[in-house]
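The values are calculated or read from the model by the stated rules, or taken from the named source; none is laboratory data. Just so we're clear, the structure is a prediction, and the values are computed from it rather than from any experiment. Ideal geometry is used to build each Cβ from the backbone, glycine not excepted, and the neighbour counts take in all protein chains shown.
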Amino acid sequence: MKKVDKNDYKIDKNIKIAIIGLGYVGLPLARLFATKYSVIGFDINESRIASLKSGTDTTLEVDDVTLQKVLVNNSSQNTGLYCTSSLDDLAACNYFIITVPTPVDKNNRPDLTPLYKSSESVGKILKKGDIVIYESTVYPGVTEEQCVPVLEKVSGLKFNEDFFAGYSPERINPGDKEHTVEKILKVTSGSTLEIGLKVDALYKSVITAGTHLAPSIKVAEAAKVIENSQRDINIAFVNELAKIFNLMGIDTQEVLTAAATKWNFLPFKPGLVGGHCIGVDPYYLAQRAQEFGYHPEIILAGRRLNDSMGEYVASQIVKLMIKKGISVNGANLLMLGITFKENCPDVRNTKIVDVVKALKEYGIIVTIFDPIANANDVKKEYNLITINNIPDDKFDAIVLGVAHAEFLELNFSELQKEDSLIYDVKGVLGAIADNRL
């Protein structure tokens with residue numbers, strides 16, 4: 001693709017943008033675009049739509065005041081966000097931005113079902129001249145080789161003649177109120193030179209951090225998937241270090257603090273790697289590599305090590321309980337946190353459940369306390385019971401699994417039995433913890 005000037009294209013303010021999927025990625029993006037354009041937010045979850053229409057975001061990514069400022073009651077407004085579960089409401093849109101999840105199945109193989117279904121939905125209302133932009137994390141080739149054929153089949157239109165495509169990978173960091181969507185540089189791409197410029201101009205009009213126009217959709221797809229794979233591998237390295245130094249009786253956190261005094265040392269910490277990105281995306285790249293006859297050794301080794309950390313943490317907790325003379329079988333343990341990261345209600349692919357499962361196999365009675373997680377979501381996804389209020393009981397062991405701000409203010413002495421154990425998975429409790437990962 002030849003070099004182009006990104007300033008060659010301006011976006012018509014009268015366009016209508018459809019955001020397909022109003023979760024952790026889609027809603028913040030819809031809110032942002034709604035400050036300048038008419039935006040229709042679509043989600044098949046009717047309870048989610050009802051909640052958003054009332055001005056509340058249960059994911060906590062957009063605060064109620066900010067959300068209510070952009071909400072409108074109908075789709076005919078020049079600016080603002082109209083939320084709906086009716087596909088017909090999207091018929092007048094020119095840009096369709098798909099922000100649905102891309103999970104893996106029980107065998108860690110990419111599950112493109114949400115992408116296929118959303119592509120089918122858009123295909124039903126696609127018109128000549130429309131542009132479909134995908135933000136979901138995928139392996140290189142998914143947009144043009146998997147999604148576009150669905151759009152063509154359902155719509156009866158021809159790609160790059162009647163309609164066009166783009167890819168702009170999401171870079172949302174759930175729970176992060178500092179690095180919000182407009183403050184993170186956006187990678188953009190299009191199926192033709194002109195469409196690339198149009199897609200770039202669209203995002204550039206709202207992303208204050210700026211944009212980077214990639215030369216092709218596949219380059220943009222590859223860039224996204226390696227971002228999280230790189231982070232996964234680095235965390236796997238420090239997790240392995242934690243295992244080694246624990247055997248040597250050396251504090252891993254103190255080692256990392258010392259090493260970080262070198263200017264080019266990368267500050268990664270050991271921990272449980274879950275969530276919808278880092279714990280999933282490397283499998284997408286690995287799957288694609290294997291389709292080309294290459295077995296990715298480092299990527300999959302990192303995944304195996306990080307996936308083993310739940311059982312490792314549980315085994316360390318049990319060893320410390322035994323050393324303190326705590327009877328393991330029948331012991332009462334309080335797990336602080338079930339979400340995949342701090343100050344975020346997202347429980348998708350959380351690795352705390354691996355720790356809980358392993359602890360229960362030792363005969364430990366586990367109480368899960370998380371004031372942020374939705375108890376119904378946890379029950380549905382993992383068949384686990386959680387509580388949202390501080391328990392009245394005292395426990396043989398307390399494990400800080402997630403560093404929610406509320407947990408850092410707890411009076412741990414009120415929850416402890418005499419000689420009980422405090423284990424700090426996140427390494428934030430300091431001297432009150434008996435041990436940390």
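Taking only the stretch 200-234 into account, find how many residues are under 17 Å from Thr137 (Cβ atoms) and among the β-branched types (Val, Ile, Thr).
Selection size over the stretch 200-234: 5.
Has the stretch 72-92 got any residue that is among the charged types (D, E, K, R), out of contact with any Gly (no Cβ under 8 Å at 6 or more places or on another chain), surrounded by fewer than 22 Cβ atoms within 10 Å (Cβ to Cβ) and not in a helix (DSSP H, G or I)?
No, the stretch 72-92 has no match at all.
Would you mind telling me which numbered condition in (1) at pLDDT 95 or above; (2) part of a loop (DSSP other than H, G, I, E, B); (3) farther than 14 Å from Leu32 by Cα; (4) not polar (S, T, N, Q) Glu178 fails?
(1)
Name the pairs: first residue in the stretch 404-416 and assigned by TED's automatic domain parsing to the domain that holds Asp392, second residue among the small types (Gly, Ala, Ser), Cβ to Cβ under 8 Å, at least 6 apart or on different chains?
From residues that are assigned by TED's automatic domain parsing to the domain that holds Asp392, the pairs are His404/Gly337; Phe407/Gly337.
What residue, among those in the stretch 3-26 that are in contact with an Asp or Glu (Cβ under 8 Å, 6 or more places away or on another chain) and modelled with pLDDT under 90, is surrounded by the most Cβ atoms within 10 Å (Cβ to Cβ)?
Tyr9
I need every pair where a residue in the stretch 272-296 that is assigned by TED's automatic domain parsing to the domain that holds Ile235 has its Cβ under 7 Å from the Cβ of a residue that is assigned to a loop (DSSP other than H, G, I, E, B) and of a type in the set (A, V, I, L, M), sequence separation at least 6 or different chains.
Here the result reads Leu272/Val425; Gly279/Val273; Tyr284/Val138, each pair linking the stretch 272-296 to a residue that is assigned to a loop (DSSP other than H, G, I, E, B) and of a type in the set (A, V, I, L, M).
Looking at Ser315 and the list (1) of a type outside the set (Val, Ile, Thr); (2) modelled with pLDDT of 95 or more; (3) not assigned by TED's automatic domain parsing to the domain that holds Ala375, which single condition is not satisfied?
With (1) of a type outside the set (Val, Ile, Thr); (2) modelled with pLDDT of 95 or more; (3) not assigned by TED's automatic domain parsing to the domain that holds Ala375 applied to Ser315, the lone miss is (3).
For the stretch 146-175, which positions are part of a strand (DSSP E or B) and surrounded by fewer than 19 Cβ atoms within 10 Å (Cβ to Cβ)?
Once the filter is applied, which keeps residues that are part of a strand (DSSP E or B) and surrounded by fewer than 19 Cβ atoms within 10 Å (Cβ to Cβ), the stretch 146-175 yields only Phe159.
Can we say Ile317 is in contact (Cβ under 8 Å) with a residue 60 or more places away in the chain, assigned to a helix (DSSP H, G or I) and farther than 28 Å from Asn389 by Cα?
Against the criterion (in contact (Cβ under 8 Å) with a residue 60 or more places away in the chain, assigned to a helix (DSSP H, G or I) and farther than 28 Å from Asn389 by Cα), Ile317 does not qualify.
Among the residues of the stretch 388-422, what is the count of those that are farther than 16 Å from Ile365 by Cα and of a type in the set (Ser, Thr, Tyr)?
1
Can we say Ile244 is without any contact (Cβ under 8 Å) to a residue 40 or more places away in the chain, closer than 30 Å to Val328 by Cβ and part of a loop (DSSP other than H, G, I, E, B)?
No, not satisfied.
Between Tyr167, Tyr95, Tyr203, which is at pLDDT 95 or above, closer than 24 Å to Ile49 by Cβ and either in the same structural domain as Ala30 (by TED's automatic domain parsing) or not small (Gly, Ala, Ser) (or both)?
The unique qualifying residue is Tyr95.
For Gly196, indicate whether it is more than 22 Å from Pro282 (Cβ to Cβ), in a helix (DSSP H, G or I), at pLDDT 95 or above and assigned by TED's automatic domain parsing to the domain that holds Thr143.
Against the criterion (more than 22 Å from Pro282 (Cβ to Cβ), in a helix (DSSP H, G or I), at pLDDT 95 or above and assigned by TED's automatic domain parsing to the domain that holds Thr143), Gly196 qualifies.
Scan Thr137, Thr143 and give me the residue that is in contact with an Asp or Glu (Cβ under 8 Å, 6 or more places away or on another chain), in contact (Cβ under 8 Å) with a residue 60 or more places away in the chain and assigned to a helix (DSSP H, G or I).
That would be Thr143, the only listed residue that is in contact with an Asp or Glu (Cβ under 8 Å, 6 or more places away or on another chain), in contact (Cβ under 8 Å) with a residue 60 or more places away in the chain and assigned to a helix (DSSP H, G or I).
Can you pull out the residues in the stretch 383-415 that are touching a Leu at 6+ places or on another chain (Cβ under 9 Å) and part of a strand (DSSP E or B)?
The answer is Phe395, Asp396, Ala397, Ile398, Val399, Leu400.
How many of the residues in the stretch 112-130 are within 19 Å of the chain's Cα centre (by Cα) and surrounded by fewer than 17 Cβ atoms within 10 Å (Cβ to Cβ)?
1
Which members of the stretch 229-275 meet the condition of being surrounded by fewer than 21 Cβ atoms within 10 Å (Cβ to Cβ) and polar (S, T, N, Q)?
Gln230, Asn234, Asn246, Gln253, Thr257, Thr261, Asn264
Which residues, counting only those in the stretch 27-52, are buried (at least 24 other Cβ atoms within 10 Å of the Cβ), in a helix (DSSP H, G or I) and among the small types (Gly, Ala, Ser)?
Ala30
Does the stretch 60-75 contain any residue that is of a type outside the set (Asp, Glu), in contact (Cβ under 8 Å) with a residue 12 or more places away in the chain and in contact with a Pro (Cβ under 7 Å, 6 or more places away or on another chain)?
Yes - at least one qualifying residue is present in the stretch 60-75.
How many of the residues making up the stretch 416-437 are part of a strand (DSSP E or B) and either surrounded by fewer than 19 Cβ atoms within 10 Å (Cβ to Cβ) or in contact with a Lys or Arg (Cβ under 7 Å, 6 or more places away or on another chain) (or both)?
7
When the stretch 333-366 is examined, which residues are found to be of a type outside the set (Gly, Ala, Ser) and more than 25 Å from the chain's Cα centre (by Cα)?
Answer for the stretch 333-366, where residues must be of a type outside the set (Gly, Ala, Ser) and more than 25 Å from the chain's Cα centre (by Cα): Leu333, Leu334, Leu359, Lys360, Glu361, Tyr362, Ile364, Ile365, Val366.
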